[in-house]
Amino acid sequence: MSKWIDISQALTNDIAHWPGDTPFNYKLSATKEQTGSANIGEITTSLHNGTHIDAPFHFNSNGKTVDQLDLDLYIGKAIVIDVSHTDNITAAVLENYQFDYATRLLLRTSLPNNPKRFPREFPYLDPEIAQFLSEKGIQLLGVDIPSVDAPDSKELTTHHALHRHGIHILENIMLKHVIPGSYDLIALPLAIHGADGSPVRAVLRPLKENES
């Protein structure tokens, strides 16, 4: 059986974060020598550092929070496609690919995903892809960039368009080492009550059709 491929960013104390947001920090709050029994660590972080999902509540105050989301969205068959030939990802671009009835789509874009550098610009995801993907049965869109919208966007147009069409969002995955094709995906969020997002450990396992 094929091994699982990690497509997550490791959470390190020098990982890039959104400008003005809470950086990730891990430290030992107590050592084994101090407690007499165990090392105890603690973290502080924005929920949108590294590889993470956005709950609808992130951009819609009436939207569902992380603990209200269906876990089936984040487990199952996914298609990885390479759209790195363009910085303008539109429905016309996506029409050139087969989705093989998967309900999860992962996009490998032109942006080199460097966990230690926050990019000034992202490839553009046209909000109109939401309707196209919905017609293809896509329920989860994953991208190897920090957001489906531009870093300076206040309207978050693509977030809202995807939400209107029932498509959930996975951001900041690592796909440079992944061959386009069909995979099993696991990208489970933490059960954080009332949260607008959550870090995930996202992994892929190739399906047999990739080897044929």
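The values are calculated or read from the model by the stated rules, or taken from the named source; none is laboratory data. On a predicted model such as this, the values are computed, not experimentally measured, just so you know. Note that each Cβ is placed from the backbone with ideal geometry, even for glycine, and that neighbours are counted across all protein chains shown.
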Considering only residues of the range 13-48 that are surrounded by 13 or more Cβ atoms within 10 Å (Cβ to Cβ) and polar (S, T, N, Q), which is farthest from THR157 (Cα to Cα)?
ASN25
Filter the range 63-78 down to residues that are in contact (Cβ under 8 Å) with a residue 40 or more places away in the chain and over 12 Å from LEU140 (Cβ atoms) and give me whichever is surrounded by the fewest Cβ atoms within 10 Å (Cβ to Cβ).
ASP67
Look through the range 173-204, keep the residues that are of a type in the set (Val, Ile, Thr) and under 10 Å from the mean Cα position of the chain (by Cα), and return whichever of them is surrounded by the most Cβ atoms within 10 Å (Cβ to Cβ).
ILE173
In the range 117-132, which residues are part of a loop (DSSP other than H, G, I, E, B), touching a strand residue (DSSP E or B) at 6+ places or on another chain (Cβ under 9 Å) and of a type outside the set (Phe, Trp, Tyr)?
PRO123, ASP126
Among the residues in the range 83-101, are any touching a residue at least 60 places away in the same chain (Cβ under 8 Å) and either more than 20 Å from ASP149 (Cα to Cα) or of a type in the set (Gly, Ala, Ser) (or both)?
yes
The range 49-62 residues that are under 16 Å from ASP6 (Cα atoms) and surrounded by fewer than 24 Cβ atoms within 10 Å (Cβ to Cβ), paired with ones that are modelled with pLDDT of 95 or more and of a type outside the set (Phe, Trp, Tyr) (beta carbon under 6 Å, 6 or more apart)
none
Residue that is surrounded by the fewest Cβ atoms within 10 Å (Cβ to Cβ), among those in the range 79-136 that are aromatic (Phe, Trp, Tyr) and within 22 Å of ASP152 (Cα to Cα)
PHE118
So is LEU162 touching a residue at least 60 places away in the same chain (Cβ under 8 Å), closer than 20 Å to GLN139 by Cβ, among the aliphatic types (A, V, I, L, M) and surrounded by 18 or more Cβ atoms within 10 Å (Cβ to Cβ) or not?
no
